[in-house]
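Peer 1: First, the structure itself, so that you have it in front of you.
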Amino acid sequence: MLVLKYEKTARACFISHIDLLKHTERTIRRAEIPVKFSNGYSPHALLFFSAPLALGVSSKAEYLAIDADMSASELLARYNTSCAEGLKASKVFECSKNPNLQGKVVASDYIFPIKYHDIDLSNGFEIEYVRKGETKKEEVGSKIFAVKNVDGKLCLCLATGNTNLRPDRLLGMLNAMFGANMKATDIVKVAQYFKVDDRLIEADEYLDNLE
Amino acid sequence: MQSFDDKLNSILLNVEKPARYVGGEWNTPDMTKHREGDFCFCFPEVYEIGMSNLGVAILYDIINKEPGFVAERCYAPWHDMGEEMRKHDISLFSLETRKPLKDFTVVGFSVGFELLYTNVLYMFDLAGIPFRAKDRDESYPIMLAGGPCSVNPAPFADFFDVIVCGEGEVADLAILKIVTEGKKQGLSKSEILARIKNVQGAYVPALHKDGETVVKAVIPDFENAPYPEHPLVPNIEAVHDRATVELYRGCASGCRFCQAGFWYRPIRERSAERCVALAKEMVESAGFDEISLCSLSTSDYTGLEQLEEGLSAFCKEKNVNLSLPSLRISSFKPEMAKDVKKNSLTFAPEAGTQRLRDVINKNVSEEEIEKIAVAFEAGYESIKLYFMMGLPTETDEDLDGIVEICKKLKWLYYQKRHKRGLNISVSCAVFIPKPCTPFQWEAQISLEEMHRRQMYLRERLRAVKGVSFSYHGAETSVLEGALARGDEKLSYVVEKAYKLGAKFDCWTEYFKWDVWQKAFAECGLKMEDCVGAIDTDKALPWDFIDTGVSKKYLLAQRNLAYQGITTKNCREGCNGCGANKLGRCTIC
Ligand code: SF4
C-alpha cells in the first residue's frame, strides 16, 4: 500500500469530497498508475481517502492510500505530472498494510490566520453556527484537543473523523472573540493525527514507522 | 480594499456547488500566452450542463490552439450565485482568468434550445451588457450567437451583433480575428461588422438587407477538422462526464420532424481510425472512465464494427466503459447487445402505428420491433421507448398503437424468457414544428388537446402491467413551439418575460407559465397564434438562410408525408435534398 500526502489549496478547496473521489480516479488513470480494482459487478479503483475536508478550507496535509504495485518515488512523480492545480503531492509513504485513514485519524491541526492567543477551555467552548438556515449552539470544548502557537499564529487541534469538529464552525466565535473577520477560505489544515494507545501521533511520523 | 479574489471567495462560501465558478479544470489551455484577442464562450445553462456540450468544447479548443488568441468560458450562474453577485456588485466573469465579460474582444453564446433565451438575457444582465445590439457602442465586445437555434435567429437576432448560422469551426475564429484587427485599426463597430458579413454563415442583423441570403457555414474537411483531444475535465460531475467522439454529422434517416437531421446536412462521416485515435487520446489525456459515441443515429455509422474492434482491447485494459446511445431499431444487431452492460435498452419508434411512422418517415417496421426479441434473449430486462404525440395526422388510434407496442414487447419477452417482468418505460414528448423540416408549416396541437392526449395515453398504459409513463410538460412545449418559429417580435416577448422573472425555463420547478403568458399579452401577442399552421406560400422568418436543403425539397417531403409515402435512407442513395451543394455527403 502506498500513501500520498497531498495538498488541497487554491481553487481545489472548492471541490467537494465526492467530486474529489472522481477527480483522483481520473488523475490515477491519466498518470497510468496501475491501481488495483475491486472485484464485482462494477469494479472501482482501490483508493482510500482521509476524512473529508470542509468545503472552502485548504489543506497541506491530506492523505490518500493507493493499492498499486509500483515504486513509491515513481508514484509520486507520476501523480504530480497528472494532477490538477491545487492538488499536488508532497510526500509518499510505503506501508505494509492499509493504514485505515478514515478510521484511525482522530485529530487535525488547523491554522487560523490571527495572532496566537491562549484560549481557556477549562469552562468549555460554546459555538454558534448556521446549518440549513438554522442557528445552532453547541458545546465543543471536548473536541478541541490543543491550542497551539505556530509561528505566532493561532493553531487549533480539532477532533476529526467519527467525532468531528469542522474548523469553519468556530469562525463566528473566534471572530467575535478577537475582532477578526476570518472566513473558511482563510483556514489551513496543516497536520493530521493517528491515535495509538491513547496518544496522538502525527500522521507523517506514524506512516513512516508503520510496520 | 478587498481584492476581487477575496470578495469572490466569500461569496463562493455562500452558494451551492462553488466548484461551478472556479475554473482550473485539468487540461485548461495556457492562459498566460500572448493574447491579441480573446473570446468568451457563454453557455446559458449551469456548469454541469454547459460542460457537457460538445459544440462549445470543439470551438473553445480551436481558438486556444491558435497562436495569439485565447478562449475562456462562462456558464449561467445558478440563482444563488446570481443573487450574491448582484449583492456584491460583481460583474459576470470568465472561469479561467476571472475577466469580466465586458472586457473580451468577442463574447459568443451557444444557443441550443429555445427555452434558453431568457438565460441569455440573464447573463447579459449580470455582465452589465445592454440587451439590444443597437444600444451598444464600440466599448462593448462584439456579441455573437451560434448553435442549433441559429436555424431561426429572428427571436433573438436583435440582441446580437452577429449570428453564426451553421458550423462555427471556421467562422468563430475568423470573426475573432476580424474584430481584433478592426479594433487595432480603430474601426467603428459598423465597419467591423461590415467585414464580418463576408464570413460564410455570418448573419449581421444590423447590416442585413431584404432579399439577402446567408449561406449556412459548413466545415470543408470534417474528417480532419480540429477536435478537442484534450478535453477539459469537469470540476463537478457533469451531465455527460466522459470522452465524447463525434462519429458523423447529419443524419441519413430523414425523419420529417427532426430539425437536427436536416440542419446538420451534408452528411459527413469521420473514419473509424480517426475516431479510435481520438477516443484513446481523450481517455489518456483526461482520465475519463467512459467513452460515448455521439451522432444523430450512432448505430447507422458505417465504421461501427471497426470502431468497437479498435476500442475493445483498450477499454478492457484501461477499465473504460464504451457506451452506445440512441440505437435505432432498424440497425440493432445482436452482437451489439452482447458486451454492453445490460441495464436498459433504448428505442425510439416515435409513433405507435406503421401508418404514422410512414408519415413522419421513421423507418421502423413491425418486423423490426419484433427483432427486439434478440435483445431479450441477450439478457435485457428493461426497455425505454421514446414516442412523440401530436404529430401531423395523428389520431387516438395512433396512441393506441403505443399501447399495442408495449403489449407486443411483453409478449415477446415472455416467449423468449418464459417469465414476466419486463420493465417498459414509455416517454412521450410533444411534437413541435421546427424550422428547416418538412413539418415547418404544421400546426401544433392545442394545450388542451395535449393534456387530453396525455391523459388518454396514461389511462391506457396504466392497464398494462410493468409499464411506466412519463411525458413532457405541455406548457413548455407550447412555448418552445411559439419561439421556434417566431419572428423579431418575439425578442420583445423574451425580454419582457425575463424582466417579469423568467429564467432557467428548462427547469420544471422554475418554469413560469403565467409570466410567459403575461409577457405575450403585454406585447400584444397570443401564444396560440404563434403555433398555428403556416401557409406554405407565406414568407418565413428563416427563409433568408440557405441551409442547403431547398424549400422545394421540404415541401415535397411534406406532400409525401400526407400521402404516407416514405423516403429511403440516404445511405441507399441520394434523395436530392440539395445539401451536398455545401459539401459532399460522404455516405453515398
Ligand atoms: S444531398 Fe442527398 S445524400 Fe446528402 S443529405 Fe441530401 S438527400 Fe441525403
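Peer 1: Being within 11 Å of the ligand (Cβ to nearest atom) and modelled with pLDDT of 95 or more is true for just one of B:Val494, B:Val549. Which residue is that? Even if it seems obvious, please write down each step before you answer.
Peer 2: Details: B:Val494 fails: within 11 Å of the ligand (Cβ to nearest atom).
Criteria check complete, one pass: B:Val549.
Peer 1: Then there is this: If A:Ser96 meets every condition in (1) part of a loop (DSSP other than H, G, I, E, B); (2) of a type outside the set (Lys, Arg); (3) open to solvent by 10 Å² or more (accessible area, probe 1.4 Å); (4) within 13 Å of chain B (Cβ to nearest Cβ) apart from one, which number is that one?
Peer 2: (4) is the only condition that A:Ser96 fails.
Peer 1: Of all strands (runs of 3 or more DSSP E) completely enclosed by the stretch B:283-392, which ones contain at least 3 residues that are modelled with pLDDT under 90, open to solvent by 10 Å² or more (accessible area, probe 1.4 Å) and not acidic (Asp, Glu)? If you could, list the steps in order and put the result at the bottom.
Peer 2: Numbers: elements: B:290-294, B:321-323, B:345-350, B:382-389.
By residue number, B:321-323.
Peer 1: Moving to a separate point now. Taking the conditions exactly as written (β-branched (Val, Ile, Thr) and in a loop (DSSP other than H, G, I, E, B)), does A:Ile33 satisfy them or not?
Peer 2: Against the criterion (β-branched (Val, Ile, Thr) and in a loop (DSSP other than H, G, I, E, B)), A:Ile33 qualifies.
Peer 1: Count, please, the residues in the stretch B:285-307 that happen to be away from every other protein chain (no Cβ under 14 Å), over 13 Å from B:Ala272 (Cβ atoms) and among the small types (Gly, Ala, Ser).
Peer 2: Count: 3.
Peer 1: Condition first: open to solvent by 50 Å² or more (accessible area, probe 1.4 Å) and either closer than 12 Å to B:Pro155 by Cα or free of Cβ contacts under 8 Å to residues at least 24 places away in the same chain (or both). Can you find one or more residues in the stretch B:480-489 that meet it?
Peer 2: Residues of the stretch B:480-489 that are open to solvent by 50 Å² or more (accessible area, probe 1.4 Å), as a first pass: B:488-489.
If we keep only those that are either closer than 12 Å to B:Pro155 by Cα or free of Cβ contacts under 8 Å to residues at least 24 places away in the same chain (or both) as well, we get B:488-489.
Yes, there is a match, as at least one residue in the stretch B:480-489 is open to solvent by 50 Å² or more (accessible area, probe 1.4 Å) and either closer than 12 Å to B:Pro155 by Cα or free of Cβ contacts under 8 Å to residues at least 24 places away in the same chain (or both).
Peer 1: Checking the structure you have, find out if any residue of the stretch B:262-270 is surrounded by fewer than 23 Cβ atoms within 10 Å (Cβ to Cβ) and away from the ligand (no atom under 16 Å from the Cβ).
Peer 2: No, the stretch B:262-270 contains no residue that is surrounded by fewer than 23 Cβ atoms within 10 Å (Cβ to Cβ) and away from the ligand (no atom under 16 Å from the Cβ).
Peer 1: From the residues in the stretch A:11-24 that are within 8 Å of chain B (Cβ to nearest Cβ) and open to solvent by less than 60 Å² (accessible area, probe 1.4 Å), which one is nearest to B:Asn14 (Cα to Cα)?
Peer 2: Here the residue is A:Phe14.
Peer 1: What are the residues in the stretch A:63-93 that are among the aromatic types (Phe, Trp, Tyr) and either open to solvent by 60 Å² or more (accessible area, probe 1.4 Å) or over 17 Å from the mean Cα position of the chain (by Cα) (or both), if any?
Peer 2: Result: A:Tyr79, single match.
Peer 1: Just checking, how many residues over the stretch B:497-531 are open to solvent by less than 70 Å² (accessible area, probe 1.4 Å) and part of a helix (DSSP H, G or I)?
Peer 2: 11
Peer 1: Residues of the stretch B:229-245 being more than 10 Å from chain A (Cβ to nearest Cβ) and not hydroxyl-bearing (Ser, Thr, Tyr), which ones?
Peer 2: Within the stretch B:229-245, B:Glu229, B:His230, B:Pro231, B:Leu232, B:Ala238, B:Val239, B:His240, B:Arg242, B:Ala243, B:Val245 meet the criteria.
Peer 1: Quick one: count up the residues across the stretch A:59-88 that are farther than 21 Å from A:Lys104 by Cα, touching a Ser or Thr at 6+ places or on another chain (Cβ under 8 Å) and among the small types (Gly, Ala, Ser).
Peer 2: 3
Peer 1: While we're on this one: Could you give me the residue pairs with C-beta distances under 6 Å whose first residue belongs to the stretch B:536-559 and is over 17 Å from B:Ser253 (Cα atoms), whose second residue is open to solvent by 20 Å² or more (accessible area, probe 1.4 Å) and more than 11 Å from the ligand (Cβ to nearest atom) wherever it lies, and which are 6+ apart or on separate chains?
Peer 2: B:Pro541/B:Asp487; B:Phe544/B:Thr213; B:Asp546/B:Thr213; B:Asp546/B:Val215
Peer 1: Further question: Quick check: anything in the stretch B:99-112 closer than 25 Å to B:Ser10 by Cα, at pLDDT 95 or above, out of contact with any Asp or Glu (no Cβ under 8 Å at 6 or more places or on another chain) and not in a helix (DSSP H, G or I)?
Peer 2: Within the stretch B:99-112, one or more residues are closer than 25 Å to B:Ser10 by Cα, at pLDDT 95 or above, out of contact with any Asp or Glu (no Cβ under 8 Å at 6 or more places or on another chain) and not in a helix (DSSP H, G or I).
Peer 1: When the residues of the stretch B:1-40 are narrowed to those that are β-branched (Val, Ile, Thr) and open to solvent by less than 60 Å² (accessible area, probe 1.4 Å), which ends up nearest to B:Tyr75 (Cα to Cα)?
Peer 2: The residue in question is B:Val22.
Yes or no, residue by residue, for (1) free of Cβ contacts under 8 Å to residues at least 24 places away in the same chain; (2) at negative phi:
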{"site": "A:Lys104", "(1), (2)": "no, yes"}
{"site": "A:Asp120", "(1), (2)": "yes, yes"}
{"site": "A:Gly124", "(1), (2)": "yes, no"}
{"site": "A:Leu154", "(1), (2)": "no, yes"}
{"site": "A:Leu158", "(1), (2)": "no, yes"}
{"site": "A:Thr185", "(1), (2)": "no, yes"}
{"site": "A:Ala191", "(1), (2)": "no, yes"}
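Peer 1: If you don't mind, another one. Does at least one position in the stretch B:560-581 carry a residue that is assigned by TED's automatic domain parsing to the domain that holds B:Tyr248, under 21 Å from B:Leu483 (Cβ atoms), away from the ligand (no atom under 14 Å from the Cβ) and buried (at least 16 other Cβ atoms within 10 Å of the Cβ)?
Peer 2: no
The values are calculated or read from the model by the stated rules, or taken from the named source; none is laboratory data. A quick note: this is a predicted structure, and the numbers were derived from the prediction, not measured. No Cβ is skipped: glycine too gets one built from the backbone with ideal geometry, and neighbour counts run over all protein chains shown. To get the accessible areas, we keep the full protein, side chains included, count just its heavy atoms, and leave off ligands, DNA and RNA. Shrake-Rupley method; radii C 1.70, N 1.55, O 1.52, S 1.80 Å.
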